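S.K.: Supplied in structure tokens, the structure appears directly below.
The values are calculated or read from the model by the stated rules, or taken from the named source; none is laboratory data. Bear in mind the structure is a predicted one, so any value in this text is a computation, not a measurement. Cβ: placed from backbone, ideal geometry, glycine included. Neighbour counts: every protein chain shown. Protein only, heavy atoms only, side chains kept; ligands, DNA and RNA dropped before computing areas. Shrake-Rupley method; radii C 1.70, N 1.55, O 1.52, S 1.80 Å.
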Amino acid sequence: MKISTKKRTDVIISEMILIVVSFIFVLPLILAFTMSLQPPQAVFSFPPKILPVGIHLQNYLDAFKTVPFDRLFLNSAIVSIMITAGKLITGTLAGYAFANFNFFGKNFAFSFLFATLFLPAELIMIVPLFALMAKLGWVNTYWALTIPFMASATNTFLLRQHFLMIPKELEDSARIDGAGPMAYFIKILLPLSKSMIGGVSIINFIYAWNFYLWPLIITMEDRMKTVQVGVKMLIDAEGASNWGVIMAGTVAAVIPTLILFFILQPLFVKSLTRSGIKG
């Protein structure tokens with residue numbers, strides 16, 4: 001089938017626009033990476049260089065000497081993995097319940113859950129949540145950094161919508177074969193939802209990795225802070241005198257999420273383009 005000239009032109013123009021927009025979004029990260037590899041005298045050169053002229057790894061060494069990033073990276077990894085795992089467990093189970101079961105108050109419960117999506121939870125709950133964590137003796141612990149965030153209305157909503165798109169005939173067939181609700185959920189529903197779960201995992205991990213306000217408040221000791229708080233500590237330590245070191249710490253904080261995104265990118269794309277099974 002021949003593609004019309006107008007359609008081909010529209011595709012080319014759309015792709016050019018997407019390339020330009022993508023470059024605009026990626027440019028700050030490229031500049032940060034370049035600055036992180038430049039000596040102090042070259043950081044503020046004009047015009048700014050998009051690609052580094054040389055490799056100055058001392059900035060990264062100085063960043064890790066100024067702030068204990070090794071410990072902070074470990075904290076962020078533990079917190080992000082625990083929150084992501086918790087949100088996936090609660091989100092898949094709650095989404096399955098709302099999509100496949102009928103119970104008293106189901107519509108009201110889901111409407112109430114959906115309404116919470118419009119509330120700035122971290123700002124509204126931060127004071128009572130801190131008081132609760134202090135009463136439990138969880139200040140400066142991983143429990144305070146993770147447990148309050150192991151459930152998500154967003155996850156429940158997304159997974160519920162996804163489960164609704166899976167044909168009910170599969171569940172009926174599983175029941176005929178003698179599979180109970182949990183067997184159907186574990187053996188059939190979850191394997192069919194790999195792309196959605198992968199996409200949700202990326203979103204949850206990046207969200208948890210970028211935690212700043214709550215770790216800043218609930219952790220009093222440097223050994224329990226997360227990497228985003230560490231970047232702020234680095235800025236406070238260096239001031240405006242050495243942006244090469246600051247950018248080195250910033251780039252180091254971003255790299256884990258970039259690696260995760262590129263590894264799971266196929267699943268993330270599928271989760272955006274597919275909302276279930278057609279047939």
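S.K.: Kindly flag which residue pairs out of Lys87/Lys135; Lys7/Lys168; Lys87/Lys187; Lys6/Lys194 have an alpha-carbon separation exceeding 28 Å in this structure.
M.R.: Among Lys87/Lys135; Lys7/Lys168; Lys87/Lys187; Lys6/Lys194, the Cα-Cα distance tops 28 Å for Lys7/Lys168; Lys6/Lys194.
S.K.: Which whole-number value in Å² is the accessible area per residue of the chain, probe 1.4 Å?
M.R.: Counting only protein heavy atoms, the per-residue value for the chain is 59 Å².
S.K.: Assuming R0 = 35 Å, what is the FRET efficiency of Arg71 and Met150, from their Cβ-Cβ distance, to the nearest 0.05?
M.R.: E(calc), rounded to 0.05, equals 0.95.
S.K.: Which whole-number percent is the relative contact order of the chain (Cα, under 8 Å, 6+ apart)?
M.R.: That works out to 32 percent.
S.K.: Moving to a separate point now. Please return the longest range in the chain lying between exposed loop sites, taking chymotrypsin sites (Phe, Trp or Tyr not before Pro), DSSP loop only, at most 13 other beta-carbon atoms within 10 Å, and leaving the sites out.
M.R.: Here the longest run is 105-279.
S.K.: For Met165 and Val26, FRET efficiency with R0 = 25 Å and r from the beta-carbon atoms, rounded to 0.05?
M.R.: For R0 = 25 Å, the calculated efficiency reads 0.15.
S.K.: Exactly which trypsin sites (Lys or Arg not before Pro) in the range 1-69 are in a DSSP loop and have at most 10 other Cβ atoms within 10 Å? List each step's numbers first, then the result.
M.R.: Details: sites: Lys2, Lys6, Lys7, Arg8, Lys49, Lys65; in loops: Lys2, Lys49.
Answer by residue number: Lys2.
S.K.: Share of the range 143-183's accessible area from carbon and sulfur, percent, 1.4 Å?
M.R.: That fraction is 64 percent.
S.K.: Please list the three semi-axes, largest first and in whole Å, of the ellipsoid equivalent to the range 48-140, using sqrt of 5 times the eigenvalues of its alpha carbon gyration tensor.
M.R.: Equivalent-ellipsoid dimensions as semi-axes: 42, 20, 15 Å.
S.K.: A further question follows. With Rg/Rh (Cα atoms, Kirkwood Rh) as the read-out, I listed (i) 1.06; (ii) 0.96; (iii) 1.33; which label goes with the value calculated from this structure?
M.R.: Evaluating Rg/Rh (Cα atoms, Kirkwood Rh) on these atoms matches (i).
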